[in-house]
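Here the structure is laid out as structure tokens; the discussion comes afterwards.
The values are calculated or read from the model by the stated rules, or taken from the named source; none is laboratory data. Being a predicted model, the structure only gives us computed values, none of them experimental. Cβ sites come from the backbone with ideal geometry, for glycine too, and all protein chains shown count toward neighbours. Protein only, heavy atoms only, side chains kept; ligands, DNA and RNA dropped before computing areas. Shrake-Rupley method; radii C 1.70, N 1.55, O 1.52, S 1.80 Å.
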Amino acid sequence: MMEPAQIHSDISTAPEAVDGFMVTATDGVKLRVGVWQTTKECLGTVLFFPGRGDYIELYGHPVAAFVDAGYNAVVIDWRGHGLSDRIAPNPKMGHVNSFSEYQLDVQAVMTCVDELQLAKPLYLVGHSMGACIALRSLMDGLAIEAAAFSAPMFGIYMAPYERIAAWPLTWGLQAIGKGQMYAPGFNDKSYVFRHDFGDNTLTNSKPEYDRWIMQGTKCPDLHTGGPSMGWLYAALKECAALDKLPSPDIPCLTFCGNQEETVRVGSIRSRMANWPKGHLEQVLNAKHELFLELPEVRENVIRQIIAFFQSPLSSKA
């Protein structure tokens, strides 16, 4: 069952003609989904899987570009994000007990796609954590024509000593029921309210950073605070599990900025080097949030993804 949901088009760069829905996962969690339908000859539907801490209104630039190029666009707020149900007793905390919970969200959004009878073929754009979730979905048989990943979280950026400590610490706290504690250095504030633009590791674009702050100021409920220790343990566990599995037989184009300090670049290179239908592009003058980067960087990445989805490589016809 789908219910209407609000999309804050007034603070986004996405087209105003959007339908918002609340869909319910099989475990009862309600999830917000934004759907844009192109008015041009439809080439298919693009599913956007956002990163940790992201939400529908943040994806205005790529949504606008894909809709203009002739694609429908679907963006989900993961559980604990945006206006979807918050999971932890502290609603600001980003928490899951297992990444398998996100797969319930994927099933819910696919049900939404089916009920709306959105045009096929289906394509997928996954950013950071969303790319990690997408990789598991693809390995489990999600029917996608081609995928594109932006700064995929195939591993988490950590100093060696942090990595050594993270496993036993997060496992121990989760085991004794203390997983709903913030990871060190995090609190109720979202990233942009903890860091000035000058020392941020996400984007070189001050206008986009300021827009992010504006959205969180006008609609505080859109923002999620830091990750819990339980989320961190679940993320480390999922990345390690995925690392042992072969890449799916699906065309995939992946982008990674040369100033990346959020996800583990070595894990991205390793995965893409062993993806028969995969290709990795390094993006110059770019940090983690490629869709919120300087216009020339952002537009080039989006343009390449659109071209890739239209290329013979991504066609099974």
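With a Förster radius of 41 Å applied to the beta-carbon distance between T217 and N97, the computed FRET efficiency rounds to 0.85.
Add -39500 (n - 2.57) for each DSSP H run of 4 or more in the chain, then divide by its residues: what number comes out at 222 nm, to the nearest 500 deg cm²/dmol?
Computed mean residue ellipticity for the chain: -10500 deg cm²/dmol.
Annotation for segment 1-42 versus segment 258-275: alpha-carbon center distance of 31 Å. Restricting attention to the chain, close to 35% of DSSP beta bridges with both partner residues there are antiparallel. Radius of gyration over Kirkwood radius for segment 69-122, both on Cα atoms: the Rg/Rh ratio is 1.07. As a calculated quantity, the FRET efficiency between K277 and I176 at R0 = 30 Å, using C-beta atoms, amounts to about 0.10. With a Förster radius of 30 Å applied to the C-beta separation of L284 and Q107, the computed FRET efficiency comes to 0.20. Percent of Cα pairs in segment 1-69 per distance bin of 10 Å, from zero to the largest separation: 19, 51, 27, 3. Counting only residues at least eight positions apart within a chain, or on another chain, the lysines with an alpha carbon under 27 Å from that of K277 are K120, K237, K244, K287, K316. If each Cα of segment 165-235 is one equal point scatterer, what is log10 of I(q)/I(0) from the Debye formula at q = 0.16 Å⁻¹? Computed log10 I(q)/I(0) values: -0.65. Both the radius of gyration and Dmax for segment 207-317 are 16.8, 47 Å, in that order, over alpha-carbon atoms. Starting from the Cα of A143, step 7 Å toward the Cβ, then list every residue of segment 1-24 with an amide N under 20 Å from that point. Residues 1 qualify, since their backbone N sits under 20 Å from the label point. In the context of the full set of protein chains, segment 208-278 has a per residue accessible area of 40 Å² (1.4 Å probe).
Here each label is just a point 7 Å from Cα along the line to Cβ, and for E16 and D210 those points are 2.3 nm apart.
Measuring nothing but protein heavy atoms, the accessible surface of segment 30-152 at 1.4 Å probe radius is 48 percent carbon and sulfur. Shape annotation for segment 104-182: C-alpha extents along the principal axes are 47, 26, 20 Å, from largest to smallest.
Can you give me the Rg/Rh ratio for the chain, using Cα atoms for both radii and the Kirkwood formula for Rh?
Details: Rg = 18.1 Å, Rh = 19.5 Å.
Over the Cα atoms of the chain, Rg/Rh equals 0.93.
Modelled label positions at S270 and N187, each set 7 Å beyond Cα in the direction of Cβ, lie 3.5 nm from each other.
With all protein chains kept in place, the per residue accessible area of segment 76-165 amounts to 34 square angstrom at a probe of 1.4 angstrom.
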